[in-house]
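One structure is given below, encoded as C-alpha coordinates.
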(Lines give C-alpha, C1' and ligand atoms only; values in the text may rest on other atoms or scores of the structure.)
Protein backbone atom coordinates (compact mmCIF):
# COMPACT_ATOMS: atom_id res chain seq x y z
CA UNK A 1 0.00 0.00 0.00
CA UNK A 2 1.40 3.39 -0.93
CA UNK A 3 2.57 5.47 2.03
CA UNK A 4 2.96 8.84 0.26
CA UNK A 5 0.45 11.28 1.71
CA UNK A 6 -0.71 8.54 4.09
CA UNK A 7 -1.84 10.81 6.92
CA UNK A 8 -3.93 13.03 4.63
CA UNK A 9 -5.45 9.99 2.90
CA UNK A 10 -6.08 8.33 6.26
CA UNK A 11 -7.89 11.40 7.60
CA UNK A 12 -10.05 11.59 4.48
CA UNK A 13 -10.91 7.90 4.76
CA UNK A 14 -11.76 8.30 8.44
CA UNK A 15 -14.32 10.99 7.59
CA UNK A 16 -15.79 8.93 4.74
CA UNK A 17 -16.05 5.74 6.80
CA UNK A 18 -17.53 7.67 9.73
CA UNK A 19 -20.19 9.08 7.41
CA UNK A 20 -20.89 5.63 5.95
CA UNK A 21 -21.15 4.07 9.42
CA UNK A 22 -24.72 5.28 9.86
CA UNK A 23 -27.52 3.29 8.16
CA UNK A 24 -29.65 6.40 7.57
CA UNK A 25 -26.79 8.11 5.75
CA UNK A 26 -26.21 4.99 3.64
CA UNK A 27 -29.92 4.98 2.75
CA UNK A 28 -29.70 8.66 1.81
CA UNK A 29 -26.77 7.88 -0.50
CA UNK A 30 -28.79 5.10 -2.12
CA UNK A 31 -31.64 7.55 -2.69
CA UNK A 32 -29.27 10.11 -4.20
CA UNK A 33 -27.84 7.48 -6.54
CA UNK A 34 -31.19 7.77 -8.37
CA UNK A 35 -30.74 11.53 -8.77
CA UNK A 36 -30.68 14.75 -6.80
CA UNK A 37 -33.39 15.42 -4.24
CA UNK A 38 -34.51 18.09 -1.80
CA UNK A 39 -34.38 17.62 1.97
CA UNK A 40 -38.14 17.02 2.05
CA UNK A 41 -37.89 14.40 -0.70
CA UNK A 42 -35.05 12.69 1.13
CA UNK A 43 -36.86 12.85 4.49
CA UNK A 44 -40.14 11.37 3.18
CA UNK A 45 -39.38 7.64 3.73
CA UNK A 46 -37.73 8.12 7.13
CA UNK A 47 -39.38 8.29 10.52
CA UNK A 48 -37.12 11.15 11.57
CA UNK A 49 -37.55 14.90 11.40
CA UNK A 50 -36.47 17.10 8.52
CA UNK A 51 -33.86 18.80 10.76
CA UNK A 52 -32.40 15.36 11.58
CA UNK A 53 -32.15 14.59 7.85
CA UNK A 54 -30.47 17.98 7.36
CA UNK A 55 -27.88 17.03 10.00
CA UNK A 56 -27.20 13.75 8.17
CA UNK A 57 -26.80 15.69 4.93
CA UNK A 58 -24.26 17.99 6.58
CA UNK A 59 -22.19 14.98 7.67
CA UNK A 60 -22.31 13.56 4.14
CA UNK A 61 -21.40 16.95 2.68
CA UNK A 62 -18.41 17.40 5.04
CA UNK A 63 -17.22 13.93 4.01
CA UNK A 64 -17.41 15.00 0.37
CA UNK A 65 -19.99 12.31 -0.47
CA UNK A 66 -22.67 14.76 -1.58
CA UNK A 67 -22.91 18.33 -2.76
CA UNK A 68 -25.73 20.76 -2.23
CA UNK A 69 -26.73 23.31 -4.84
CA UNK A 70 -29.01 26.31 -4.64
CA UNK A 71 -31.93 26.01 -7.05
CA UNK A 72 -34.35 28.90 -6.41
CA UNK A 73 -35.95 28.04 -3.05
CA UNK A 74 -34.55 24.49 -2.93
CA UNK A 75 -31.13 23.20 -1.94
CA UNK A 76 -31.10 19.82 -3.67
CA UNK A 77 -28.45 17.30 -2.71
CA UNK A 78 -26.57 15.25 -5.29
CA UNK A 79 -24.26 12.26 -4.90
CA UNK A 80 -20.51 12.78 -5.35
CA UNK A 81 -18.89 9.38 -5.77
CA UNK A 82 -15.23 10.46 -5.94
CA UNK A 83 -14.62 10.28 -2.18
CA UNK A 84 -16.46 6.97 -1.96
CA UNK A 85 -14.10 5.62 -4.64
CA UNK A 86 -11.16 6.16 -2.25
CA UNK A 87 -12.91 4.00 0.36
CA UNK A 88 -13.61 1.32 -2.25
CA UNK A 89 -9.96 1.37 -3.33
CA UNK A 90 -8.90 0.92 0.28
CA UNK A 91 -11.27 -2.04 0.72
CA UNK A 92 -10.15 -3.57 -2.58
CA UNK A 93 -6.63 -3.75 -1.18
CA UNK A 94 -7.94 -6.55 1.06
CA UNK A 95 -9.82 -8.42 -1.69
CA UNK A 96 -6.87 -10.73 -2.35
CA UNK A 97 -6.65 -11.50 1.36
CA UNK A 98 -10.36 -12.38 1.49
CA UNK A 99 -10.03 -14.53 -1.63
CA UNK A 100 -7.06 -16.40 -0.15
CA UNK A 101 -8.85 -16.89 3.17
CA UNK A 102 -11.97 -18.25 1.45
CA UNK A 103 -9.84 -20.56 -0.72
CA UNK A 104 -8.14 -21.93 2.40
CA UNK A 105 -11.54 -22.47 4.04
CA UNK A 106 -12.80 -24.24 0.91
CA UNK A 107 -9.74 -26.54 0.98
CA UNK A 108 -10.38 -27.43 4.64
CA UNK A 109 -14.06 -28.14 3.98
CA UNK A 110 -13.22 -30.34 0.97
CA UNK A 111 -10.70 -32.33 3.04
CA UNK A 112 -13.28 -32.74 5.82
CA UNK A 113 -15.87 -33.95 3.32
CA UNK A 114 -13.39 -36.42 1.79
CA UNK A 115 -12.46 -37.76 5.25
CA UNK A 116 -16.13 -38.19 6.11
CA UNK A 117 -16.79 -40.06 2.84
CA UNK A 118 -13.78 -42.32 3.41
CA UNK A 119 -15.01 -43.20 6.91
CA UNK A 120 -18.45 -44.19 5.63
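Taking segment 20-32 as the search range and keeping residues that are within 17 Å of residue 48 (Cβ to Cβ) and under 8 Å from the mean Cα position of the chain (by Cα), which one is surrounded by the fewest Cβ atoms within 10 Å (Cβ to Cβ)? It would help to see each step written out before you state the result.
The first filter runs over segment 20-32 and keeps only residues within 17 Å of residue 48 (Cβ to Cβ), leaving 21-32.
Now narrow it down to the ones that are under 8 Å from the mean Cα position of the chain (by Cα): 21, 26.
Numbers: 21: 10, 26: 13.
Among them, the one singled out is 21.
Tell me yes or no: at least one residue of segment 85-107 is modelled with pLDDT of 85 or more, in contact with a helix residue (DSSP H, G or I) (Cβ under 7 Å, 6 or more places away or on another chain), buried (at least 17 other Cβ atoms within 10 Å of the Cβ) and closer than 18 Å to residue 13 by Cα.
Among the residues of segment 85-107, at least one is modelled with pLDDT of 85 or more, in contact with a helix residue (DSSP H, G or I) (Cβ under 7 Å, 6 or more places away or on another chain), buried (at least 17 other Cβ atoms within 10 Å of the Cβ) and closer than 18 Å to residue 13 by Cα, which makes the answer yes.
Identify the single condition in (1) surrounded by 10 or more Cβ atoms within 10 Å (Cβ to Cβ); (2) without any contact (Cβ under 8 Å) to a residue 60 or more places away in the chain that residue 82 does not satisfy, given that it satisfies every other one.
(1)
With the structure loaded, tell me whether residue 45 is surrounded by fewer than 17 Cβ atoms within 10 Å (Cβ to Cβ), out of contact with any helix residue (DSSP H, G or I) (no Cβ under 7 Å at 6 or more places or on another chain), at pLDDT below 95 and farther than 16 Å from residue 14 by Cα or whether it fails that test. Quick ask: steps written out before the conclusion?
Details: surrounded by fewer than 17 Cβ atoms within 10 Å (Cβ to Cβ): yes; out of contact with any helix residue (DSSP H, G or I) (no Cβ under 7 Å at 6 or more places or on another chain): yes; at pLDDT below 95: yes; farther than 16 Å from residue 14 by Cα: yes.
So residue 45 fits the description; yes.
Inside segment 9-120, counting only helices (runs of 4 or more DSSP H) that do not spill past its ends, which hold 1 or more residues that are in contact with a strand residue (DSSP E or B) (Cβ under 9 Å, 6 or more places away or on another chain)? Working first, answer last.
Details: elements: 23-33, 39-43, 50-62, 82-92, 95-119.
Qualifying helices (runs of 4 or more DSSP H): 23-33, 39-43, 50-62.
The values are calculated or read from the model by the stated rules, or taken from the named source; none is laboratory data. Because the structure is predicted, anything quoted here is derived from the model rather than measured. For neighbour counting, all protein chains shown are included, and Cβ atoms are generated from backbone atoms with ideal geometry for every residue, glycine included.
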